[in-house]
Amino acid sequence: MDYFNLSTEHLAALIIFSPAAGFLMNGWISFFNIRFAKRDLFVFLTASLFVFISFVISSYFLFQIFSFGSEGKIPAHLGSWFSVNKIPFQFDILIDPLSGIMAAIISLVSLIVHLYSKDYMKNEEGFARYFAVLNLFTAMMLILILSDNIMFLFLGWEGVGLCSYLLIGFYFKKQDASRASLKAFMINRTGDFAFLAAVFFLIHLYSQTGSLLFFDFNSVNFSLTELRHVHFSGLPVIEITAFLLFAAAAAKSAQIPFYTWLPDAMAGPTPVSALIHAATMVTAGIYLILRMSHFFLAAPFTMDVIALTGAFTSILAGIFALFQFDIKKVLAFSTISQLGFIFLALGSGAFQEGFFHLITHAFFKASLFLCAGAILIYLHHNGDMRKMGGLFHKDRLTGTVFFIAALSISGIFPFAGFFSKDLILIRLYENLNSGPLSVFLFSAGLLIAFITPLYIFRQFFMIFFGKEKGNFQHSQNMYFIKSMLILLTLLSFLSGFLNISGFFTDFLKHTVSSMANQGAAGHTLIAAAAGSLSISAVFISWLLHIKHPAFKEAVIARSGAIYRFLTGCFYVDEFYQKTVILFIKKASDYSALFDRSIIDSAVRLVSEITCRISRLSHSFEKHVVLKTVRLIVQTSKTFGMISRNLQTGYLHNYLHYILGGVLILGSMMIWLDLWRKF
Amino acid sequence: MNLHTVLLTGSLIFLLGIYTTLTRKNLISILMGMELILNGAAVQFAGFALFNNDGNGRVMAVFIITIAALEAAVILALIYSLYRKTGNLSSDSMSDLKK
């Protein structure tokens with residue numbers, strides 16, 4: 001609390017409130033459809049400015065944290081929310097190395113996407129709405145990142161889900177976009193359910209430990225391993241909680257079995273896909289696990305589940321990506337695959353390395369998506385890669401950017417992906433001697449390192465080389481798009497060097513937990529093996545798509561059913577349609593039947609009874625109450641009629657009354673006197 | 001002459017006063033009736049004082065006469081102002097008490 005003072009608090013609040021203010025202003029303009037000259041320019045400038053403010057402040061804080069070292073912390077109290085059972089839930093934010101880096105990256109990518117959208121969304125209906133929701137998303141994501149307690153984080157968690165829904169359904173007049181937005185929302189709701197359940201368990205644990213609701217485990221004066229003795233119906237609570245949190249993270253970060261929403265989410269505008277469905281929101285699940293890394297380390301079973309889920313998701317999504325034809329769906333599956341790879345790293349205890357890969361991935365995946373956006377502008381938003389080809393000579397800039405990003409994601413030296421992917425593989429290699437699971441995880445890591453270049457270079461070759469196809473049309477004034485592409489390329493090239501001599505992982509060592517280094521040799525060997533795998537994959541891809549495309553066609557023609565199975569993504573969506581969704585539909589049918597037959601008849605019975613009772617009470621009212629009232633009225637009227645005659649106002653009448661009164665009083669006194677005497 | 005005669009005379013005057021007050025409509029007559037009531041009471045005081053040889057009764061009789069004079073003065077002024085307002089002296093026109 002040494003660094004705590006009022007001005008930091010206000011500044012920290014501004015990180016969140018600045019884009020929120022942008023949302024309010026642009027949302028106001030959009031909602032009431034206020035028209036004025038240069039409205040779009042105004043909206044764009046203000047939206048970008050608000051995000052820029054966020055970016056500047058969060059980088060300022062990041063540098064401040066950096067000067068404090070890896071244990072640096074800037075807490076800020078924004079206000080009180082509510083308190084349950086003496087557990088205070090407050091609008092507290094905490095800037096430490098993890099959240100500081102994350103906030104800076106989120107606001108940077110958001111800023112880049114804002115600027116990119118200027119050209120991409122030009123003359124689009126709902127320009128103001130788009131920027132308003134983008135601002136809201138940034139604010140919510142920053143809440144999620146910076147929050148100090150799990151309830152405030154949940155607010156951001158729900159908020160980004162909402163923004164994702166709104167932006168996937170941005171072209172809500174299109175059937176598939178609105179369906180995709182609903183699908184994403186529903187699947188995320190499932191995860192949110194798990195999240196809420198985990199929150200309840202955390203509150204349950206809070207009553208026993210005193211301070212588990214908050215992430216700051218270093219200040220907690222009990223050991224997390226002791227918590228393993230707390231049981232709930234036979235299972236350790238810490239495992240249940242960690243598993244539920246992981247389920248929430250899997251839904252948000254599109255892992256098995258929840259991943260199906262992400263490919264469909266590509267129905268939204270491409271910059272949105274870059275920002276929300278590649279660089280930021282889908283990393284929220286990973287961020288949650290990173291935040292609670294100490295907690296997760298105390299739950300080894302869940303860690304294994306995380307690693308296995310990550311490995312399977314990564315391999316499966318990589319295979320799906322190989323057989324997609326939509327330019328954005330390939331990237332969507334690639335995102336799922338890379339996120340799975342990060343989950344694999346997290347599950348094996350390589351938290352810092354996973355976070356590093358998250359950052360490099362944010363840059364190179366955003367740049368891939370923004371390239372795809374540029375290509376889609378040229379080709380009138382027709383995303384089928386079979387109708388593309390030979391674009392490299394038409395647009396060398398986009399081609400080069402795509403190429404560099406592809407090299408980066410493939411993990412080829414010296415691009416960013418090489419460093420981060422290599423770190424993870426090294427950690428997997430170091431864990432090798434701890435059972436058969438670790439062998440499987442390491443081989444899965446190598447397999448992913450092999451598949452990634454295969455699909456990304458397949459895409460690269462299909463778009464940029466081969467026969468010139470497609471109705472290509474150069475667009476003018478794409479300065480924003482071009483400059484943002486160049487900026488992102490630089491970032492996806494340079495971000496790999498962040499971890500030169502362990503700088504990055506060192507910075508995080510107090511915030512994010514790390515398993516003890518087992519100190520195995522052969523790091524260069526791993527690097528060389530992974531590098532050669534990647535390069536051979538690129539070479540195979542080149543062979544298949546450029547050198548001998550006829551061979552590929554022949555293989556495809558031979559394996560009809562398998563090929564259809566692969567292009568159909570193993571029919572997972574259809575499987576869900578037939579099982580889960582059918583089950584839900586049947587269940588809702590039955591519950592509708594139940595509703596109609598039992599609840600409705602109960603309701604009807606109740607209403608019938610109510611009717612009877614009211615009829616009874618009506619007749620009671622009519623015959624008893626009304627008559628009583630009338631009687632009372634009549635009586636008081638009669639009395640009034642009688643007594644009004646007394647009030648004549650004539651003087652001598654009053655004199656009569658006085659005399660009468662005196663006589664009565666006098667006779668009473670005499671009578672009393674007599675009575676007392678005898 | 002004894003005490004009974006005096007008391008009967010006083011009571012007679014008192015009842016006549018009440019009768020006058022209740023039956024007459026003219027305000028002046030009512031005033032006169034009220035004076036009779038007061039004087040009937042004063043006669044009784046005087047009678048008791050005379051036969052019991054008590055000075056207090058005399059003082060009371062004088063006091064009542066004084067009160068009656070004051071009352072007559074005040075009420076005559078009131079009657080005059082009422083007359084100026086309504087133009088007659090009938091108590092029937094004085095029905096403002098109803099309001």
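The values are calculated or read from the model by the stated rules, or taken from the named source; none is laboratory data. In this text the structure is predicted, and so the values were computed from the model without any measurement. Cβ coordinates were reconstructed from backbone atoms using ideal geometry, including for glycine residues, and neighbour counts include every protein chain displayed. Ligands, DNA and RNA are stripped out before the accessible areas are found, and what is left, the full protein with its side chains, is counted by its heavy atoms. Shrake-Rupley method; radii C 1.70, N 1.55, O 1.52, S 1.80 Å.
Worth a mention:
- Hits in region B:74-85 - residues which are over 18 Å from the mean Cα position of the chain (by Cα) and away from chain A (no Cβ under 12 Å): B:Tyr80, B:Ser81, B:Tyr83, B:Arg84, B:Lys85
- Listed by first and then second residue, the pairs linking a residue in region A:62-81 that is loosely packed, with under 12 Cβ neighbours inside 10 Å to a residue that is at pLDDT 85 or above, with Cβ atoms under 6 Å apart and 6 or more places separating them unless they lie on different chains, are A:Gly79/A:Phe91.
- Scope region A:637-657; condition more than 10 Å from chain B (Cβ to nearest Cβ) and open to solvent by less than 90 Å² (accessible area, probe 1.4 Å); matching residues: A:Thr638, A:Gly640, A:Ser643
Per-residue answers, yes or no, for (1) outside any helix (DSSP H, G or I); (2) under 28 Å from the mean Cα position of the chain (by Cα):
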{"site": "A:Gly445", "(1), (2)": "no, yes"}
{"site": "A:Phe460", "(1), (2)": "no, no"}
{"site": "A:Glu468", "(1), (2)": "yes, no"}
{"site": "A:Gln473", "(1), (2)": "yes, no"}
{"site": "A:Lys482", "(1), (2)": "no, no"}
{"site": "A:Leu488", "(1), (2)": "no, yes"}
{"site": "A:Asn499", "(1), (2)": "no, yes"}
{"site": "A:His510", "(1), (2)": "yes, yes"}
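- Candidates A:Ile584, A:Ile632, A:Ile613 - the one that is under 30 Å from A:Thr313 (Cβ atoms), open to solvent by 90 Å² or more (accessible area, probe 1.4 Å) and of a type in the set (Val, Ile, Thr): A:Ile584
- Selection count where residues are open to solvent by 10 Å² or more (accessible area, probe 1.4 Å) and within 23 Å of the chain's Cα centre (by Cα), scope region A:305-315: 4
- Every residue from region A:302-349 that is part of a helix (DSSP H, G or I), farther than 26 Å from A:Leu235 by Cβ and among the charged types (D, E, K, R): A:Lys328, A:Lys329
- Number of the condition not met by A:Leu432 [criteria: (1) in a helix (DSSP H, G or I); (2) farther than 20 Å from A:Leu454 by Cβ; (3) hydrophobic (A, V, I, L, M, F, W, C)]: (1)
- Unique match (being farther than 18 Å from A:Leu166 by Cα and in a helix (DSSP H, G or I)) among A:Leu290, A:Leu275: A:Leu290
- The lone exception for A:Asp573 - which of (1) more than 14 Å from every other protein chain (Cβ to nearest Cβ); (2) farther than 30 Å from A:Pro257 by Cβ it fails: (2)
- Some residue of region A:180-188 being part of a helix (DSSP H, G or I), under 17 Å from A:Tyr130 (Cβ atoms) and open to solvent by 50 Å² or more (accessible area, probe 1.4 Å): no
- Residue check for A:Val51: farther than 26 Å from A:Leu98 by Cα, touching a helix residue (DSSP H, G or I) at 6+ places or on another chain (Cβ under 8 Å) and open to solvent by less than 50 Å² (accessible area, probe 1.4 Å): no
- Condition broken by A:Ile412, with the remaining ones in (1) within 21 Å of A:Leu491 (Cβ to Cβ); (2) assigned to a helix (DSSP H, G or I) satisfied: (2)
- Residue within region A:333-341 that is outside the structural domain of A:Ser443 (by TED's automatic domain parsing), open to solvent by less than 10 Å² (accessible area, probe 1.4 Å) and within 15 Å of the chain's Cα centre (by Cα) present: no
- The lone criterion from (1) modelled with pLDDT under 90; (2) within 11 Å of chain B (Cβ to nearest Cβ) left unmet by A:Gly660 is number (1).
- Odd one out for A:Ile256, checked against (1) under 26 Å from A:Gly383 (Cα atoms); (2) buried (at least 24 other Cβ atoms within 10 Å of the Cβ): (2)
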